[in-house]
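Working notes, beginning with the structure itself.
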Amino acid sequence: MAQNQRPASILDTLGEEIVRIITPVSICMLMVVILVSILSLDDSSSSSAMPTIATIAYSETGSDSSWDKFMGALLNSLVFVAVVTAVTFILVLLFYLRCTKFLKIYLGFSAFVVLAFMGGEIALFLFEKFSFPIDCVTFLVILYNFAVVGVLAVFISKMAILVTQAYLVVIGMLVAYWFTLLPEWTTWVLLVAMALYDLAAVLLPVGPLRLLVELAISRDEDIPALVYEARPVAHHDSGSRDGVVRRRVWSERRNVLHDSGGDVNSNAILSGNAGSNLNSGVVLSVASGHNDTRLAGAEEGRVVEANAELSAPLIDRRMNDNMHRQEEDDTSENLLLEGIGLGSTGAIKLGLGDFIFYSVLVGRAAMYDFMTVYACYLAIVAGLGVTLMLLAFYQKALPALPVSIMLGVLFYLLTRLLLEVFVVQCSMNLVMF
Amino acid sequence: MTVAAGIGYALIALGPSLSLFVAVISKKPFLILTVLSSTLLWLISLIVLSGIWRAFLPLKSTTWWPFALLIISSVGFQEGLRVLFWKVYKRLEDTLDAFADRVGKPRLFLTDKMQIALAGGLGHGVAHAVFFCLSLLTPAFGPATFYVDRCPQMPFFLISAIIALAFVTIHTFSMVIAFNGYAEGNTTDQYFVPVVHLVAGMVVKSAFARCFCLLSQKFSLLRILFLIVLKNCQLSPETALVVFVWLNVLCHACSF
């Protein structure tokens, strides 16, 4: 009708990047919830789970008192965080010594292990549950091909972006499912501990992640890690006549250094701009086809920082999981990256560790009831939005985990203790408002 | 009763909102964010209410006045929150207009504002449907069903699904009417919304003796509401048709 003749209002494109990040996070959470509810085990059988590094200090049994469980969970989490810190420092060291090739090979190896072994085990659980008839050879061939394509998707940047994104979400889902197999108290305390660790590692000057970020900035290199990159937003408006293309935060910092002599250490600013702000903002670069003229602008690197509409600072972190399996002797480590950043085409990047821990929280909530799932989902998405806004406000590197996890845990407790009783009571008496 | 029945109940409660979402909301990312934040806001309101009322639960089911008190206090709280929502929305509108000026795009049109109101209302409705109906549906996927004393003619899940459907519609369009009323200073519209909310809550509670009577009352109310909305807003014809057809189908189904 009349809408066809009207020029497009800002409502058409505002917020697109946020939605492009929220969608894969939601899909990952949804798949973990589905997996958990299909494959849910009761408590007695889950206590015989394989020893992992997260339960090395204390194995939770059903008969301990609450205080014992809590202290045991605390001990477990401390051990886990200590291991993660140690491994992160090792990674910083390796990155400093320029062993990038080793890191990349390790990355591919860990992706293969996750997809082949963890994915294979979950597939076996599903086959068992649904009595699905399949023979060994077919299964192995399919699994092998699946895992190899996944490794290629992670390695090669020229792969179709949808395939890469899908594989990253699948990797996140598989690791998150395995985390939900931990005992209950350990999972919750571990989530809180990882959120606090994230906070410390990114904000403290001696934090390993901060060191990693600064190293990467000073060398203008990409850290080899598992990072989800959203598809860049194509701006069809007349865009960058005066606008500046921000390609990567590292080159950005270097240019700012040349232009303004600014302090590199203080902040790494990225702007994700949903609607291009011609005079006093930053324009994101467009999908690859249109990049040419704007790349030239990027090299000059004129930065106008005044009114970045949406700033998500670069937080590069690295996190390792150690999952011991009974059959394996070696530890398999995954290189996961947490935090929000800006990719080379200007799209928002989100580390896979965030995907995993959000999904672990929601998966654990699913083991109780679906009401907690909905509440925790809303809390996590709200936390993600708040994190982006906080970053726009503080213009400083901030971690992505703490706000979401804290909100998620808070809402889980409130829902479980307060809301559920209220709603069930009201519904039973047909009191609805 | 089975997975199919469970999915059926879920679709009864959330079908129109799903169609609204796919047709109108999913095209504009800002509206998706509005739906999510609105749902979060009303979830918080429910948590606050449950925090206040937790000490008094479980209520004795013989007398009626504790429930009336519960409904009045809850509806009052939610309507107050709606006014707060409106104030936040005004500030957001100013920010968006300033942004549009800076970027060189036109300011928010009336349809844009109404779409934001619709998204806000949809968030409210979805919050109700999810927490009052969907989260209780887990047993419905199993082999049996459940009946409540108050209305033994129908399974509880069906009752809650149909009531949730009614409330989704009420909440979605109440927000549009309320925002329109606040914007134009139209006091009729401003008072219409809380009154409808209160009446709907009370009707559900009081007419438990005859379930079908209750449902047809609820839906006549809905039809009136819907006609008022159609008068005030410019919904796209497809959306209006879809929702109206849904409503009519259900009204006729319930009044056999």
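The values are calculated or read from the model by the stated rules, or taken from the named source; none is laboratory data. Given the structure is predicted, the values throughout are model-derived calculations rather than measurements. Note that each Cβ is placed from the backbone with ideal geometry, even for glycine, and that neighbours are counted across all protein chains shown.
Some points to look at:
- Condition met for residue B:183 (within 14 Å of chain A (Cβ to nearest Cβ) and touching a helix residue (DSSP H, G or I) at 6+ places or on another chain (Cβ under 8 Å)): no
- Single match in A:184, A:214, A:221 (criterion: closer than 25 Å to residue A:112 by Cα and of a type in the set (D, E, K, R)): A:221
- Against the conditions (1) in contact (Cβ under 8 Å) with a residue 12 or more places away in the chain; (2) in a loop (DSSP other than H, G, I, E, B), residue A:157 satisfies every one except (1).
- Flag for residue B:151 being within 12 Å of chain A (Cβ to nearest Cβ), crowded, with 17+ Cβ neighbours inside 10 Å, within 26 Å of residue B:49 (Cα to Cα) and modelled with pLDDT under 90: yes
- Test: residue in the stretch B:118-127 that is at the interface with chain A (Cβ under 8 Å from one of its Cβ atoms) and either assigned to a helix (DSSP H, G or I) or charged (D, E, K, R) (or both): no
- Unmet criterion (only one of (1) under 30 Å from residue A:12 (Cβ atoms); (2) within 10 Å of another protein chain (Cβ to nearest Cβ)) for residue B:50: (1)
- Lone qualifier among B:68, B:55 - being part of a helix (DSSP H, G or I), facing another protein chain (nearest Cβ under 10 Å) and either out of contact with any Cys (no Cβ under 8 Å at 6 or more places or on another chain) or surrounded by 15 or more Cβ atoms within 10 Å (Cβ to Cβ) (or both): B:68
- Of the helices (runs of 4 or more DSSP H) lying entirely inside the stretch A:56-145, those containing at least 2 residues that are of a type in the set (Phe, Trp, Tyr), closer than 30 Å to residue A:222 by Cβ and free of Cβ contacts under 8 Å to residues at least 40 places away in the same chain span A:100-113.
Each row is one residue, and each column tells you yes or no for (1) surrounded by fewer than 22 Cβ atoms within 10 Å (Cβ to Cβ); (2) under 17 Å from the mean Cα position of the chain (by Cα).
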residue	(1), (2)
A:360	no, yes
A:372	no, no
A:401	no, yes
A:405	no, yes
A:416	yes, no
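- Complete set of residues in the stretch B:3-17 that are over 18 Å from residue B:116 (Cβ atoms) and surrounded by 13 or more Cβ atoms within 10 Å (Cβ to Cβ): B:5, B:6, B:7, B:8, B:9, B:10, B:11, B:12, B:13, B:14, B:15, B:16
- Any pair with Cβ under 7 angstrom, 6 or more apart, that starts in the stretch A:7-22 at a residue that is more than 7 Å from chain B (Cβ to nearest Cβ) and ends at one that is surrounded by fewer than 20 Cβ atoms within 10 Å (Cβ to Cβ): A:20/A:231
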